[in-house]
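The numbers here are math on the coordinates, done by the rules we state, and not lab data. Keep in mind that what you see is a predicted model, and the values were worked out from it rather than measured. Using ideal geometry, Cβ is built from the backbone for each residue, glycine included, and neighbour counts are taken over all protein chains shown.
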Amino acid sequence: MTANSTPVGLVWCRWIYLALVVWQLVWFGYLVVPTAIPVAVGLAIALVPLLVFLPGVWRLRPRALVLAGCVLLFYFSYAVMEWWMTPAAALPAGVQTVITSAYFIALLRLRAKPARP
């Protein structure tokens with residue numbers, strides 16, 4: 001995809017996805033530090049699934065965008081659960097819920113190419 005033919009919503013996907021990666025560092029590395037496991041393990045659990053799809057999302061590959069959206073469903077679910085269950089993590093979880101929702105909304109711009117007759 002060239003920059004001129006890429007829908008604006010898909011361009012936003014890359015920045016929103018990058019914001020989620022940074023947010024994981026902030027949330028689990030600084031705001032709510034895990035106590036049951038080492039911080040490095042917590043960050044690895046939070047970041048590795050995101051980093052797997054980062055190159056494809058950055059290049060706006062449709063398959064990577066959709067697969068990353070499937071992975072983000074788990075991040076969305078986790079954030080909603082933390083939002084309701086852990087008062088100390090309500091604000092970070094709310095931010096993550098907004099970020100993942102924004103990715104899903106931006107991903108709506110992805111359309112299949114029409115079949116050529």
W15 and V33 label points (each 7 Å along its Cα→Cβ direction) are spaced in nm at 3.3
Among (1) 1.39; (2) 0.98; (3) 1.04, the entry derived from the coordinates for Rg/Rh (Cα atoms, Kirkwood Rh) = (3)
Any idea what the dipole of segment 53-117 comes to, in debye rounded to 20, about its Cα centre with Lys/Arg Cβ at +1 and Asp/Glu Cβ at -1?
-> 640
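Which of Y75, Y103 comes first, and how do the rest follow, when ranked by fewest Cβ neighbours within 10 Å? Let's see the in-between values first.
Numbers: Y75 20, Y103 24.
By the 10 Å Cβ count, ascending, the order reads Y75, Y103.
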Residue ranges of DSSP H helices in the chain that stretch 20 Å or more (Cα, own long axis) and have mean Kyte-Doolittle hydropathy of at least 1.6 are 8-26, 39-58
Positive dipole terminus of the chain, leading residue within W84, I45, A68 (C-beta point charges) = A68
Segment F74-R61, length gained on full extension (0.36 nm per residue, minus Cα span) = 2.6 nm
Would you please name the trypsin sites (Lys or Arg not before Pro) within segment 2-91 that are DSSP coil residues with at most 13 other C-beta atoms within 10 Å of their C-beta?
-> R59
